[in-house]
Amino acid sequence: MTGAFAHGAIFFIRDYNPEQNEDNVLARMLDHKEAIISHLSWASLFLGFHTLGLYVHNDVMLAFGTPEKQILIEPIFAQWIQSAHGKTSYGFDVLLSSTNGPAFNAGRSIWLPGWLNAVNENSNSLFLTIGPGDFLVHHAIALGLHTTTLILVKGALDARGSKLMPDKKDFGYSFPCDGPGRGGALDARGSKLMPDKKDFGYSFPCDGPGRGGSELYH
């Protein structure tokens, strides 16, 4: 996903032509990038506050010695999906877990013999029984995925320039703050920051380990 969005950003900077892509899916995506980014931001904030808030609350309750005050939410939708595939321990009466349904009868004799027994046995890990801990883990994973997607989408859609600096592409390779190794303001190479460093002594302060400087640590 990271590579795909990186190449998408390169495409928008180097190859995208607004005149050739007028009113197609790329143009519409760029026209609505604020809405796309804001919706992803909202989803990430929602997941972050609720998931991390539940973790913090439950940890505090355990620390105070009152575990009965934890907020434990059952993953109803995930349990429903497992029930639809034949898991009967949750009490849902749907699809393969419905003993009176045609899917249940067909699953026992026609297209998946042995599937229901395998799903409901405790001796294997095909469909583990899930609970409140899985609810938190699922939402924590969703938080990471949505936040990653938000960063990548914003980077790709804003690659052609933002309202803060729409003409960045017209500046040179060593524009200030362009990162280390490019000669910008954040380049920490000695040859850029101190061109006359060679004129100082061998143990000049901050000259690094092994040279007797102030950062000698071996």
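The values are calculated or read from the model by the stated rules, or taken from the named source; none is laboratory data. All of these numbers come straight from a predicted model, not from anything done at the bench. As a convention, Cβ positions derive from the backbone with ideal geometry for all residues, glycine included, and neighbour counts pool all protein chains shown.
Quick rundown of the values:
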{"read-out": "Residue in the range 103-113 that is surrounded by 14 or more Cβ atoms within 10 Å (Cβ to Cβ) and under 26 Å from the mean Cα position of the chain (by Cα) present", "value": "no"}
{"read-out": "Any pair with Cβ under 8 angstrom, 6 or more apart, that starts in the range 1-30 at a residue that is touching a residue at least 40 places away in the same chain (Cβ under 8 Å) and ends at one that is in a loop (DSSP other than H, G, I, E, B) and among the charged types (D, E, K, R)", "value": "Phe12/Arg160; Ile13/Arg160; Tyr16/Arg160; Leu30/Arg160"}
{"read-out": "Unique residue being closer than 30 Å to Ala9 by Cβ and assigned by the TED database to the domain that holds Asp158 when the list is Leu54, Leu143", "value": "Leu143"}
{"read-out": "Top-ranked residue of the range 143-157 - restricted to ones that are touching a Ser or Thr at 6+ places or on another chain (Cβ under 8 Å) and of a type in the set (A, V, I, L, M), ranked as farthest from Ala4 (Cα to Cα)", "value": "Leu143"}
{"read-out": "Thr149 being β-branched (Val, Ile, Thr), assigned by the TED database to the domain that holds Thr2 and within 32 Å of the chain's Cα centre (by Cα)", "value": "yes"}
{"read-out": "Flag for Ala159 being in a helix (DSSP H, G or I), at pLDDT below 80 and surrounded by 14 or more Cβ atoms within 10 Å (Cβ to Cβ)", "value": "no"}
{"read-out": "Matching residues in the range 1-52 - criterion: being touching a helix residue (DSSP H, G or I) at 6+ places or on another chain (Cβ under 7 Å), loosely packed, with under 11 Cβ neighbours inside 10 Å and part of a helix (DSSP H, G or I)", "value": "Thr2"}
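Every residue, every condition in (1) out of contact with any helix residue (DSSP H, G or I) (no Cβ under 8 Å at 6 or more places or on another chain); (2) outside any loop (DSSP other than H, G, I, E, B), yes or no:
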site	(1), (2)
Leu72	no, no
Gln79	yes, yes
Phe92	no, no
Leu116	no, yes
Thr129	yes, no
Leu136	no, yes
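The rows are residues; the columns are (1) surrounded by fewer than 15 Cβ atoms within 10 Å (Cβ to Cβ); (2) not hydroxyl-bearing (Ser, Thr, Tyr); (3) not assigned by the TED database to the domain that holds Thr51.
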position	(1), (2), (3)
Gly65	yes, yes, no
Lys87	no, yes, yes
Leu96	no, yes, yes
Asn100	yes, yes, yes
